[in-house]
Amino acid sequence: MRVLVTGAAGFIGSALADRLLDDGHEVLGVDDLSTGSLANLREAGSRPAFSFTRLDIRDPALTGVADDFGPDVVCHLAAQISVRESVADPVRDARLNVEGTVAVLEAARLSGARKVVHTSSVAVYGRPSELPVGADSPFEPRSPYAASKLSGEVYLRTYQALYGLDSTTLVLANVYGPRQSPNGEAGVVAIFTDSLLKGAPTVVYGDGSQTRDYVHVTDVVDAFARACGNAGTGGRFNIGTGRQTTDRELHTLVASAVGAPDDPGFAAARLGDLPAMAVDPAPALDGLGWEPRTGLVDGLKATVEWARSS
Ligand SMILES: NC(=O)c1ccc[n+]([C@@H]2O[C@H](COP(=O)([O-])OP(=O)(O)OC[C@H]3O[C@@H](n4cnc5c(N)ncnc54)[C@H](O)[C@@H]3O)[C@@H](O)[C@H]2O)c1
């Protein structure tokens, strides 16, 4: 199969490129390297079935690039991923995440792709009244980022209705693992790991009771690989473990994996932070045959080992 991956130089996109190449597919990565890095593609780049084009997905040249490659499937991961930046500059967020997604859908249909696999976020659920979030939980986007991700999902439905372009949406919980950047506001595992390895102070915002559902990147790219086939066509699936981990518990687990003191500082909760999140993975087992396999302790151990050696 020929798969075009947008955002291929990023944390999840590069892991997906590696996985698809392992599965014997041909992969074209497209990325403007705005937050991604060619270093993430070192493994993929050494393989003949991989090619890379540095391009902003909104550049009209994307259509020609996709047409030349002739993808069977387009996996769309390129995005502005910061909730805070989306609040600070919602117009830029919409340009990247809404206009960018429409540009990718246009390129997909014009190049004759069979299917698009889109990346959404649990941010679309806002503050859910019940946890774990089920398949038909109501949407409550509380940030421009959440609104832009949801808008991508709506555009997929429009392209199915207009052109019969098949799609699957994967709604990701908090993804962690090797290659996640510690420099953003998200990626608390990467932030704690980086600081604890350097012996630098760590900060927990609020009283440490805020929860998240941490899913390992290896499991996440397995969901993408399954969606690239015929599984889950027309569906949207929450990709998480169903388990809540508090910020304080996470700090303890990362400190233990690093072998560092478990002694974070505390700061005031940040405006807009959501109190709790976990998603029910059961529908993804039915629809994609997917389930999370990496436990948090093992996943953190592997992440710390990678950070130590990189
Ligand atoms: N990391 C998470 O926990 C998480 C959770 C939910 C959803 N997601 C979604 O997963 C996807 C990948 O996120 P990630 O964590 O790997 O982030 P990332 O920043 O590492 O990857 C995004 C990639 O997109 C590229 N990019 C950004 N704008 C572009 C543009 N206009 N044209 C071409 N390339 C562009 C960046 O250079 C980067 O390589 C995103 O769509 C994000 O919204 C991530």
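Structure data summary
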item	result
G289 being within 19 Å of R19 (Cα to Cα) and in contact (Cβ under 8 Å) with a residue 12 or more places away in the chain	yes
Segments classed as strands (runs of 3 or more DSSP E), wholly inside region 17-77, with at least 1 members that are closer than 18 Å to R109 by Cα and within 16 Å of the ligand (Cβ to nearest atom)	26-31, 73-76
Residue list for region 164-173, restricted to those being more than 17 Å from the chain's Cα centre (by Cα) and part of a loop (DSSP other than H, G, I, E, B)	G164, L165
Scan of region 195-216 for residues that are of a type in the set (D, E) and more than 24 Å from the chain's Cα centre (by Cα), ordered by number	D207
Selection status of A257, closer than 21 Å to V220 by Cα and open to solvent by less than 50 Å² (accessible area, probe 1.4 Å)	no
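Residue-wise test of (1) part of a loop (DSSP other than H, G, I, E, B); (2) at positive phi; (3) at pLDDT below 95; (4) in contact with a Phe, Trp or Tyr (Cβ under 7 Å, 6 or more places away or on another chain).
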{"position": "A146", "(1), (2), (3), (4)": "no, no, no, no"}
{"position": "G152", "(1), (2), (3), (4)": "no, no, no, no"}
{"position": "L162", "(1), (2), (3), (4)": "no, no, no, no"}
{"position": "V175", "(1), (2), (3), (4)": "no, no, no, no"}
{"position": "N183", "(1), (2), (3), (4)": "yes, no, yes, no"}
{"position": "A186", "(1), (2), (3), (4)": "yes, no, yes, no"}
{"position": "V189", "(1), (2), (3), (4)": "no, no, no, yes"}
{"position": "L196", "(1), (2), (3), (4)": "no, no, no, no"}
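Listed here are the residues, each with its yes/no results for (1) open to solvent by less than 10 Å² (accessible area, probe 1.4 Å); (2) closer than 25 Å to R293 by Cβ.
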site: D166; (1), (2): no, no
site: N174; (1), (2): no, yes
site: E185; (1), (2): no, no
site: V189; (1), (2): yes, yes
site: L197; (1), (2): no, no
site: P201; (1), (2): no, no
site: V204; (1), (2): yes, no
site: Q210; (1), (2): no, no
site: V217; (1), (2): yes, yes
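The values are calculated or read from the model by the stated rules, or taken from the named source; none is laboratory data. From a predicted model like this one, the values you see are computed outputs, not experimental measurements. Note: ideal-geometry Cβ built from the backbone for every residue, glycine included; neighbour counts use all protein chains shown. Accessible surface is based on the protein model in full, side chains and every heavy atom, while ligands, DNA and RNA are left aside. Shrake-Rupley method; radii C 1.70, N 1.55, O 1.52, S 1.80 Å.
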